[in-house]
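Beneath this line is the structure, given in structure tokens, with notes to follow.
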Amino acid sequence: MKVKIYLKAQIIGFLAFILIFSSCTKDKTTPAVVNATPVTLGLYEYSLGQNKRVLIPITQVGTQTVNYGTIFDTGSPGLTIDATGILPASMITSAGITVTGDSTVVNGITVTPKTATISFGDATGTTKEYGNLAYANIKVGNSLGSLNLKRVPIFLYYKIIDGTGKQLSAHSADVFGVGPGLSNTRSEISSPLRFFEYGTGLTSGFKIATLNTTSFLGTPTYVSGLLTIGLTASDLSSSNFIMHPLTNTTSGYSPNIPGTITYSGKTIAAQFLFDTGTPSVTTIEDRLATNAIGALPANSVVTITTNRGFTYTYTTSNTGNLTEVQNPNNTADYRTILSIDFFIKNEYLTDYDNHQIGLKNN
């Protein structure tokens, strides 16, 4: 998803879920070697019309028990979550979150006076989110598998206003952003998965299995084994992922991957963002496109090829692989953004330690 330069999303309502470690050693000189194993979690798939979402549940923030489904988003870095139901109502006003001194600690959450505004969308339409930087331990998952993350930086927002000036409902933009970079809004914020204790033998990062197309239903549907946290040597060398080194920028390592895209009989250079947070429409940015080119018709064939030789071809339809062509001179965004439909046919991996993204046809 785009958060300023990262996020392009249609905002839909989120549903709350009712969801149901320590070691020691007596060796005073040499720590015990722990051959850690990856942690695998299920996620929830959900659809509303043509929009598809994959959600990761959060069941604890600080000492506060919660039940929120947050968008699992490969296209942005950082956790953003509404302060409603997490902080006392007395701390939340229409003008902001009340913080005294250098910080306020409540319910195990450290709320700082550092404020920011996150913008959703692009030059054709913007929704804004207002809040504060905070830190807390969080727990994700459910009774079938969970994960504890320590002192995660969080963007706690107190209001969100769409492009028409309408204030949206609480928790309508909760995002679990796992992109490799830093937040364009506050550099302290990055992927929550960076704050997991991986142990010896694992590389910091995650991989996503292909999404189950039959589980995108009107009610959030649990799909086991979708997300694996912690990468093995096999994942990085012998599992047929094509690895793409990332470019370091002022906002950390960029998830954008260069290549070419072929559509409507022509091939153009592209920068690809593979984005689970874009719910329905892939956007091809073509600087030579006319203002009115809009949606590609059904049965259009699109082929992407990365600079490392990964290729993927899909055909548009009226119900899936929806694709539009835009001119970056109008959107102020040069990236071609692959929507969540890409993840139904392909596996995806992010290696935080070595700054690379892996792609794999399935």
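Every number here is computed from the coordinates shown, using simple stated rules; none is lab data. As the structure is a computational prediction, the values presented were derived from the model and not from experiment. Methodologically, a virtual Cβ is constructed for each residue, glycine included, from the backbone with ideal geometry; neighbour enumeration extends over all protein chains shown.
Here are a few things to note about the model shown:
- Distance from the Cα centroid of the range 273-291 to that of the range 210-238 is 24 Å (rounded to whole angstrom).
- Selected from Ser90, Gly145, Thr124, residue furthest toward positive end of dipole (the range 59-160; charges at beta carbon): Gly145
- Descending principal axes extents, the range 252-361, alpha-carbon based, whole Å: 42, 28, 24
- Pairs from Lys52/Lys166; Lys52/Lys360; Lys139/Lys207; Lys159/Lys207 whose Cα-Cα separation, in the structure shown, is over 28 Å: Lys159/Lys207
- Radius of gyration, Dmax [the range 109-259; alpha carbons; angstrom]: 17.7, 51
- One decimal place: the segment Ser239-Ile293 gains 15.5 nm when fully extended, by the rule 0.36 nm per residue minus the C-alpha distance.
- Mean silhouette area of the chain, derived from the convex hull of its C-alpha atoms and averaged over all directions, reads 19.3 nm².
- Couplings 3J(HN,Hα) for the range 186-197, derived from phi with the Karplus relation 6.51 cos²θ - 1.76 cosθ + 1.60 (θ = phi - 60°), are 9, 5, 5, 8, 8, 4, x, 5, 5, 9, 8, 8 Hz, where x marks Gly and Pro.
- Label zone at Ser264, where the point sits 7 Å out along the Cα-to-Cβ direction: the range 305-349 residues whose backbone N lies under 11 Å: 324-327
- Kirkwood Rh (inverse of mean 1/r, distinct Cα pairs), the range 81-159, angstrom: 13.7 Å
- Once you reduce the range 298-357 and the range 56-88 to the center of their Cα atoms, the two points are 27 Å from each other.
- Taking the DSSP bridge list for the chain and keeping only pairs wholly inside it, about 85 percent are antiparallel.
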